[in-house]
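Just below is one structure, and these are the notes that go with it.
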Amino acid sequence: MKASIGYGFSRPCTRSTGWLQRVLIISVWVFGHAFSQNVFSATAPTLSLTIIVDNYSQASAAVLARAENEAGRIFGRAGLSAVWLNCSTGQVSVDTQPSCHKAVEATDVRLRILPAHVRDKFQGTVFGFAVHPVLASVYYEHVVRLAKTDDAEFELPIILGCAIAHEIGHLLLGPNNHSADGIMRAKWERKQVEQTMCGTLLFTSQQSKVIQAEARRRTLTPSSDTLSRDFVIIGGSEQQQRLVSCIAEASTWLFRDRSELQQAMTFVILEHDKFLQSRAAFHAHRTKLAFSNLAIRRIYLSSRVLADRDTALWGVGHELGHFIIRDGTEGHAESAAERVRWRARQTCGAIP
C-alpha cells in the first residue's frame with residue numbers, strides 16, 4: 001500500500017531549455033494526442049468504476065481535476081473507465097452534486113485527499129494508503145513536497161494523478177500488491193518519476209487483466225454476492241454473507257420510512273487486521289468488531305463478529321439499530337437492535 005519516493009530528479013520529458021524544444025514538444029503532443037485519440041477511440045473501455053472523492057486538503061478544484069484526468073488516463077490504458085464524483089471538500093461546505101447523496105454501490109470506491117500524513121500505524125514517507133476493498137487515501141502535502149523539491153510545481157497535478165492511480169490500484173489488485181516495474185512499484189526512484197512526466201508510468205499488462213476481472217466481479221456483485229434487493233454485501237465467505245443477509249432482512253420491518261429501503265445499504269466484511277486498518281482510517285477507535293457510516297449507508301464488519309450466530313446478532317444488530325433510528329447514539333441504537341435480534345432469532349435459526 002505504501003509507495004515511498006525519492007526527491008531531486010530531473011525530468012527530461014518536461015525540461016524545456018529553449019524555444020525550439022518547446023515547439024517540438026508541442027508538435028509531438030498535438031500529433032501524438034490526435035493519433036492516440038484515433039487509435040484508442042475504437043477500443044474505449046466498457047468497464048467502469050465510480051470513484052467518490054472527498055477532498056480534505058488544500059488542493060484546488062483545478063489541480064484535482066487535472067489529477068483525476070491523469071489517473072483516468074492511466075486506468076483507461078488498463079481497460080477501465082473512471083467516473084469521478086467530487087463530494088466533500090475542505091473549501092466548499094456543501095455538496096454541489098445531488099448524486100453525492102446516493103447510496104454507495106458495490107462498483108464504487110472512496111478516495112480521500114488528505115492534507116498530510118497523520119500519526120498512526122502507517123509510517124514512513126508514503127503517498128498514502130489503501131484499505132481494501134473500498135477506501136484509498138492520498139497525502140496531498142507529500143505530493144506538493146516532491147514537486148517543490150524538484151523545482152517543478154507545475155507538475156503537481158500529474159504526480160498527484162499517478163499517486164491516486166497507485167492507491168486505487170491497491171483496491172482493485174489487492175493489498176500489498178506491489179510490482180518491480182510500473183505504477184505499482186513500491187519505491188519510486190528516478191526512472192518512475194521521469195515516467196510520470198512522460199506518461200509511461202502505467203499498470204503492467206498482467207495488472208490490467210486483474211483490474212478488468214475485478215471490475216467485472218464488482219459489477220456482478222448485486223446479483224452474485226447480494227442475497228437481498230436492499231442489501232449489498234462485499235467480501236466474506238458465502239456462509240457469512242447468508243448470515244448477514246438474514247439479519248439484515250429481519251430489520252426491514254422496523255424502518256419507519258420505507259423509502260430508505262430503496263437505497264441499498266452496503267455491508268463490508270473484512271479480515272480482522274484489515275478491519276482495524278479501516279477503523280483507524282475512519283477514526284472509529286471506540287468500536288471493536290463493527291462500525292457504521294450513516295452518511296454513505298455502509299457497515300464495516302470484522303470477520304470475528306461473524307464467528308457464530310449470537311456474536312453476529314449482537315454486532316450486526318447493533319449497527320442496523322443506528323440506521324433504523326437514524327442516530328449515532330449508542331443507547332438508542334441498542335434499543336432498536338434488540339428488536340432486530342428478536343426477529344432474526346425467529347428467521348435465522350437454521351443458519352449456524
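The values are calculated or read from the model by the stated rules, or taken from the named source; none is laboratory data. The model shown is predicted, which means the values in this text are computed figures rather than measured ones. As a convention, Cβ positions derive from the backbone with ideal geometry for all residues, glycine included, and neighbour counts pool all protein chains shown.
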Mind listing whichever residues of the range 178-224 are surrounded by 20 or more Cβ atoms within 10 Å (Cβ to Cβ) and modelled with pLDDT under 85? Trp188, Gln192, Val193, Arg218
Subset of the range 181-221 [hydroxyl-bearing (Ser, Thr, Tyr) and touching a helix residue (DSSP H, G or I) at 6+ places or on another chain (Cβ under 6 Å)]: Thr196
If Pro175 passes every condition in (1) in contact with a strand residue (DSSP E or B) (Cβ under 8 Å, 6 or more places away or on another chain); (2) surrounded by 19 or more Cβ atoms within 10 Å (Cβ to Cβ); (3) at pLDDT below 90 but one, which one does it miss? (2)
Selection status of Thr50, in the same structural domain as Phe127 (by TED's automatic domain parsing), crowded, with 19+ Cβ neighbours inside 10 Å, touching a strand residue (DSSP E or B) at 6+ places or on another chain (Cβ under 8 Å) and at pLDDT below 95: no
I'd like to check which strands (runs of 3 or more DSSP E) are fully inside the range 262-317 and have at least 2 residues that are under 15 Å from Gly236 (Cα atoms), hydrophobic (A, V, I, L, M, F, W, C) and at pLDDT 85 or above. 265-270, 298-302
What is the residue count in the range 161-172 for residues that are farther than 20 Å from Ser48 by Cβ and either among the small types (Gly, Ala, Ser) or surrounded by fewer than 15 Cβ atoms within 10 Å (Cβ to Cβ) (or both)? 1
Might you check whether a residue that is assigned to a loop (DSSP other than H, G, I, E, B) and within 16 Å of the chain's Cα centre (by Cα) occurs anywhere in the range 164-175? yes
Write out, first by first residue and then by second, each pair whose Cβ atoms fall under 6 Å of each other, whose residues are 6+ apart or on separate chains, and whose first residue, in the range 149-176, is assigned by TED's automatic domain parsing to the domain that holds Ala136 while the second is modelled with pLDDT under 95 and aromatic (Phe, Trp, Tyr). Thr149/Tyr7; Asp150/Phe9; Ala163/Phe127
State whether the residues of the range 238-258 include one that is in a helix (DSSP H, G or I), in contact with a helix residue (DSSP H, G or I) (Cβ under 8 Å, 6 or more places away or on another chain), modelled with pLDDT under 90 and more than 15 Å from Val316 (Cα to Cα). yes
Mind listing whichever residues of the range 312-346 are loosely packed, with under 15 Cβ neighbours inside 10 Å and either polar (S, T, N, Q) or under 19 Å from Arg298 (Cβ atoms) (or both)? Arg326, Asp327, Gly328, Thr329, Glu330, Ser335, Gln346
Quick one: is Leu320 among the aliphatic types (A, V, I, L, M), at pLDDT 85 or above and touching a Cys at 6+ places or on another chain (Cβ under 9 Å)? no
Can you tell which of His332, His272, His285 is over 27 Å from Val109 (Cα atoms), of a type outside the set (A, V, I, L, M) and outside the structural domain of Val131 (by TED's automatic domain parsing)? His332
